[in-house]
Amino acid sequence: MSYSNTCDLESAWTISFEDYEPEEEGHRESLCALGNGYFVTRAAAFEATADCIHYPGTYRAGIYNRLVSHIEGEDVDDESIVNLPNWLLLTFRIEGGDWFSIDNVEILSYHQKLHLRHGVLQREIQFRDSLGRQTLLREQRFVSMALPHLAGLNVELIAENWSGNLEIHSAIDGRVINNNVDRQKEYSKQHLEPLETGTLEPEGIWLKMRTCQSHINIALAARTRVFVNGNATDSVRVYDCEEAQVVERIHLSVKRGSAIAIEKIAALYTSHDYAIGESGEAAQQAIQDAPSFVSLLDAHKRAWALLWMRCEIDIAPVEYLRAIRLHIFHILQTVSPHTTDIDVGVSARGWHGENYRGHIFWDETFVLSFLAPRFPTVARSILLYRYRRLNFSRHLARQHGYSGAMFPWRSASTGREETPRFQFNPLSEHWIRDKTCLQHHINAIIAFNVWKYYTVTNDITFLCDYGAELIIEIARFWASIVTYNPKCDRYEILSVVGSDEYHTAYPNTEIPGIDNNTYTNVMASWTLCCAREVLNILPPSPCAELCYRLKLSQDEIEHWNVISQKMHIDFHNDGILSQYEGFENLSEFDLQQFHEQHGSQRVDWVLEAEGDDINRYQVTKQADVAMLFFLLTEKEVTVLLERQGYQFNRKQMQRTIEYHLQRTAHQSTLSRIVYAGALATLDSDKSWQLFAKACFTEISDKDSKETIGGIHLGMMAGTLYILHYHYLGLRIQNGSIYLDPSLPTHLKRLSISLHHRSNDLQIEMIDNHLSISAASANTESVKVTCQGQTMDLQPDTSVAINLAHTKLLA
Ligand code: BGC
């Protein structure tokens, strides 16, 4: 890969590529995709339609459609994010030549740059066509962070050694299907059906389509203007309206040396949008009202500047800064202030591709921890995605014989369980039944996210209106899924799957699930405690109303208390926390030898292809028990375990993490993140190694074909989680900020900005020196506690603390 690796403070704002590599195009399309929290467009070449190199994709957050496919003799229906009509499509031909495509010209030079600060993608290509004509092409594009329905593309052509007629083809292409992921090739793909196309006077084209099952109207309109040497041309236009594509052709005559600028502004609306009459009309109106590319770009850059102000972060070494900025960039492109007006969760792969079909898993926990102290309204809207599906989750719980609410492992538009019935193993070409929907631990993380949001923002209104109900209904689910085992006088949670998705059953059994997954059981107990605490915090009247509405009795609350003190937690004989009951008795697995033989292949697939079964071995896909030490502090875990009558100490924690780390294949990008966090205070070198590896997964992992289907948002946000909550030891509780930094020695500097309850703070750690500054515009003092000292930081003041001596300097 010709990704440019050199880095200084300024170049840490860009991701650059210095040549065109067809086999890496899919990866770059995701990595350099542009979006604004409302929609995302992949960085496909503007002239391309989908083929074996290119995959143009545009996705509106949360627009799903369900299709039936025939898999393994069964009709299965799957809900997917929908690839929308391609607004980018634009190409040209010089008299007597072929339509331009990067794949059929001689490339003399190539530069591609993603500007993270401005949210702009640039390409510059100097090329020669088959008739020896040399052209310099400069392209700039953005998806507006200021006006979320608009996007812009500007293509400049310089006729270096030729004159002649130029024909421009600018289209909106609705002949698209969902075909981004190889492993989904057997599934149905046609999600859109055409409705209407048309043209606008004096300029513009539009197209309207509809998702075939969810019946959501999708409207796109585009305006294409051409300038020669900076002057608008009155060129001849010809329109072509087909059923699912609308094209405008512009003809002009070009003189050698002249510069032709083609400016395309597109608008996207759907029938799910607010404040519109009809989506087609809204899209047409939007491009008629849209200002020039330059003014739109200016507004877009300003919007990004404001976002970055809230997200300022600095770390040294500087190459990590680029990775961290890239991660923030993609978080904000997936979930931004524009998301607050739409009903969406945090999709695992951003809205950047079709892997995992745009489904919502548990990855939001990483993202929310970054958003809540900066964009509380955005974080709140993500939690509301869950609240709106509370009724469906109650229904799911009842369907399975439980009380309360049982959230699905994967959800999309309705909150129904969307985990596919089968997974395809490309090595054996077998379809395997997917039992990962037994990951009920997702319920605990939803409660955890609500609670963290409340502790960070103090948004008691949210807690009263939505949050408490979510937590209580999830607590009820846990209280109903447990089984009392009189032999040991303990409560157990049976037949689940932990976050390590490899183990979905005991060896040689057909019964799905494993018993007493430690992460699940501890977090269930945590939820039950949390629900009780929430009831203590709610003001009396909303509390009484909620209890009345939910028919919550004191006995039920007391029962939660009993369960939370008697949960079965499985330990190995030597005091290590087991991943689940019986894990210790599985056969050992030589991961090193496996990697030597099979590289980074998935262990479960290789074993299945060999007629073996992963359930027999002590090898895990990703961190599982360690997730406890990622989410909770050592003290919190210890207190929870002691409450249940188990002794637990630091040595056990260390041995537990080491034991499981040695057996982890890291076949989810979340895995290293979780271990890096869990090890932050135990083994900072190892923690840093894992963190460093995670930081560059997306940018430079050439082997990973995975990014073609979208970026790994959880991993990206996870790197930020570690910086904040592990390396800086940040906790926000009861209105105060607590810091307990422990920076790995490789991390020379770490500085973050926080928007804490409308007050801006800058926290910086260099070596042992911690400094905290409050912005002059703050209206209140902020309470900060570090190493047992509490300070009231007045507006426009700073404190510096030498952590080696805990010396207060100012
Ligand atoms: C992981 C899950 C994760 C999902 C989406 C899977 O591979 O096992 O933990 O939520 O990817 O990122």
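For THR745 and HIS251, what does the FRET efficiency come to when R0 = 51 Å and r is the distance between their Cβ atoms, rounded to the nearest 0.05?
Values: r = 64 Å, r/R0 = 1.26.
Between THR745 and HIS251 the formula returns 0.20.
What is the fewest-to-most order of VAL40, VAL155, VAL603 by other Cβ atoms lying within 10 Å of their Cβ?
Numbers: VAL40 28, VAL155 25, VAL603 21.
Listing VAL40, VAL155, VAL603 from fewest to most nearby Cβ atoms yields VAL603, VAL155, VAL40.
With both partners inside the chain, how many of the DSSP beta bridges are antiparallel, as a percent to the nearest 5? Let's see the in-between values first.
Numbers: 146 of 153 bridges.
Counting DSSP beta bridges with both partners in the chain, the antiparallel share is about 95 percent.
I need the peptides 619-628, 70-79, 258-267 ranked by packing, meaning the mean over residues of other C-beta atoms within 10 angstrom, with the highest value on top.
Numbers: 619-628: 26.8, 70-79: 13.7, 258-267: 22.0.
So the order, starting with the most tightly packed, is 619-628, 258-267, 70-79.
Can you classify the range 571-709 as rounded, prolate or oblate using the Cα gyration tensor, where a ≥ b ≥ c are the square roots of its eigenvalues, rounded means a/c under 1.5, and otherwise it's prolate if a/b beats b/c and oblate if not? Can you show the working numbers first?
On the way: a/c = 2.41, a/b = 1.33, b/c = 1.81.
Taking the square roots of the gyration eigenvalues as a ≥ b ≥ c, the range 571-709 is oblate.
Whole Å is fine, so just give me how far the alpha carbon centre of the range 605-676 lies from that of the range 454-474.
So the separation of the two Cα centres works out to 29 Å.
Can you compute the label reach from GLN288? Point 7 Å from Cα along the Cβ direction, backbone N cut-off under 11 Å, restricted to the range 193-231.
Backbone N within reach: 200-203.
For ASP685 and ALA299 in the same chain, what is the full-extension length gain: residue separation times 0.36 nm, less their Cα-Cα distance, in nm? Write down the numbers at each step before the final one.
Values: separation 386, 0.36 × 386 = 138.96 nm, distance 4.35 nm.
Taking ASP685 through ALA299 to full extension adds about 134.6 nm, to one decimal.
With r defined as the distance between the Cβ atoms of ASN231 and GLN762 and R0 fixed at 56 Å, what FRET efficiency is calculated, to the nearest 0.05?
Details: r = 48 Å, r/R0 = 0.85.
The computed FRET efficiency comes out at 0.75.
Of PHE375, HIS330, ALA50, which is farthest towards the positive pole of the chain's charge dipole, taken about the Cα centre with +1 and -1 on the beta-carbons of Lys, Arg and Asp, Glu respectively?
It is PHE375.
Between ASN485 and LYS651, what length comes free when the chain is fully extended (0.36 nm per residue of separation minus the Cα-Cα distance, one decimal in nm)? Kindly include the intermediate steps, with their values, before the conclusion.
Details: separation 166, 0.36 × 166 = 59.76 nm, distance 2.95 nm.
Working it through step by step, the gained length comes to 56.8 nm.
Quick one: order ILE205, ILE772 by neighbouring beta-carbon count within 10 Å, fewest to most.
With the fewest neighbours first, ILE205, ILE772 line up as ILE772, ILE205.
Find how many whole Å separate the alpha carbon centroid of the range 287-337 from the alpha carbon centroid of the range 750-810.
26
List the GluC sites (Glu not before Pro) in the range 100-188 that DSSP assigns to loop (not H, G, I, E or B) and whose Cβ has at most 14 other Cβ atoms within 10 Å. Which are they? Let's see the in-between values first.
Numbers: sites: GLU106, GLU124, GLU139, GLU156, GLU160, GLU167, GLU186; in loops: GLU160, GLU186.
Qualifying residues, ordered by number: GLU186.
Can you give the Kirkwood hydrodynamic radius for the chain, in Å, rounded to one decimal and based on Cα pairs?
Numbers: mean 1/r = 0.0357 Å⁻¹.
Hydrodynamic radius (Kirkwood, Cα only) of the chain equals 28.0 Å.
Rg to Rh for the range 394-473: what is it, with Cα atoms only and Rh by Kirkwood?
In the range 394-473, Rg relative to Rh is 1.12.
Rg to Rh for the range 190-287: what is it, with Cα atoms only and Rh by Kirkwood? Could the numbers behind the result be given before it?
Working: Rg = 15.8 Å, Rh = 14.7 Å.
Result: Rg/Rh = 1.07.
Please compute the modelled spin-label separation between GLU193 and ALA275, points set 7 Å along Cα→Cβ, answer in nm with one decimal.
Each label point lies 7 Å from its Cα, and together they span 3.3 nm.
Apply the a/c threshold of 1.5 to the C-alpha gyration tensor of the range 125-224 and tell me whether it is rounded, prolate or oblate. Numbers along the way, then the final one.
Details: a/c = 2.22, a/b = 1.63, b/c = 1.36.
Judged from the Cα gyration tensor, the range 125-224 comes out prolate (a/c at least 1.5, a/b above b/c).
Which stretch or stretches of the range 177-191 have amide N atoms under 15 Å from the point lying 7 Å from CYS212's Cα along the Cα→Cβ direction?
Label zone hits: 177-179, 186-191.
For the pair ASN802 and ASP98, how long in nm is the line joining their label points, each one 7 Å along Cα→Cβ?
7.0
Under unit Cβ charges (Lys, Arg +1; Asp, Glu -1), what dipole magnitude, rounded to 20 debye, does the chain have relative to its Cα centre? It would help to have the intermediate numbers written out before the result.
Working: 72 positive and 102 negative charges, 377 e Å.
Using Cβ point charges on Lys, Arg, Asp and Glu, the chain gives about 1820 debye.
Need the full-extension length gain, PHE422 to THR790, defined as separation in residues times 0.36 nm minus the C-alpha distance. One decimal, nm.
On the way: separation 368, 0.36 × 368 = 132.48 nm, distance 5.43 nm.
Result for the pair: 127.1 nm of gain on full extension.
If we count other beta carbons within 10 Å of each Cβ, what is the order of LEU31, LEU535, fewest first? Could the numbers behind the result be given before it?
Details: LEU31 22, LEU535 18.
Placing the least packed residue first, the sequence is LEU535, LEU31.
Quickly estimate the mean residue ellipticity at 222 nm for the chain, helices only: each DSSP H run with n ≥ 4 gives -39500 (n - 2.57), and the total goes over all residues, rounded to 500. Each step should come with its number before you reach the end.
Values: 21 runs with 235 residues, N = 810.
Here the helix-only value at 222 nm equals -9000 deg cm²/dmol.
First check a/c for the range 236-357, with a ≥ b ≥ c the square roots of the eigenvalues of its C-alpha gyration tensor; if it is under 1.5, answer rounded, and if not, answer prolate when a/b is larger than b/c or oblate otherwise.
Details: a/c = 2.09, a/b = 1.39, b/c = 1.50.
Since a/c reaches 1.5 but b/c is at least a/b, the shape of the range 236-357 is classed as oblate.
Give me the distance in nm between label points sitting 7 Å out from Cα along the Cα-to-Cβ direction at GLN399 and GLU18, one decimal.
5.5
Taking every pair of Cα atoms in the range 668-810, average 1/r, invert it to obtain the Kirkwood radius, and report Rg/Rh to two decimals. Before the final figure, lay out the partial values.
On the way: Rg = 16.9 Å, Rh = 16.3 Å.
Rg/Rh: 1.04.
Hull surface divided by four, with the convex hull built on the Cα atoms of the range 353-503: how many nm²?
On the way: hull surface 44.4 nm².
The orientation-averaged projected area of the Cα hull of the range 353-503 comes to 11.1 nm².
Past 25 Å, Cα to Cα: identify those pairs from LYS264/LYS301; LYS185/LYS435; LYS693/LYS783; LYS621/LYS693; LYS705/LYS748, in the order given. Working shown, then result.
Working: LYS264/LYS301 18 Å; LYS185/LYS435 21 Å; LYS693/LYS783 35 Å; LYS621/LYS693 17 Å; LYS705/LYS748 33 Å.
Correct reply: LYS693/LYS783; LYS705/LYS748.
Please list, by residue number, every one of the GluC sites (Glu not before Pro) in the range 604-662 that is coil in DSSP and has at most 12 other beta-carbon atoms within 10 Å. Please report the intermediate quantities before stating the final value.
Details: sites: GLU608, GLU610, GLU634, GLU636, GLU642, GLU658; in loops: GLU610.
Here the sparse-neighbourhood loop sites are GLU610.
Rule-based calculations on the coordinates, nothing more; no lab input. Values in this document were obtained by computation on a predicted structure and should not be read as measured data. Neighbour counts run over all protein chains shown; Cβ positions are idealised from the backbone, glycine included.
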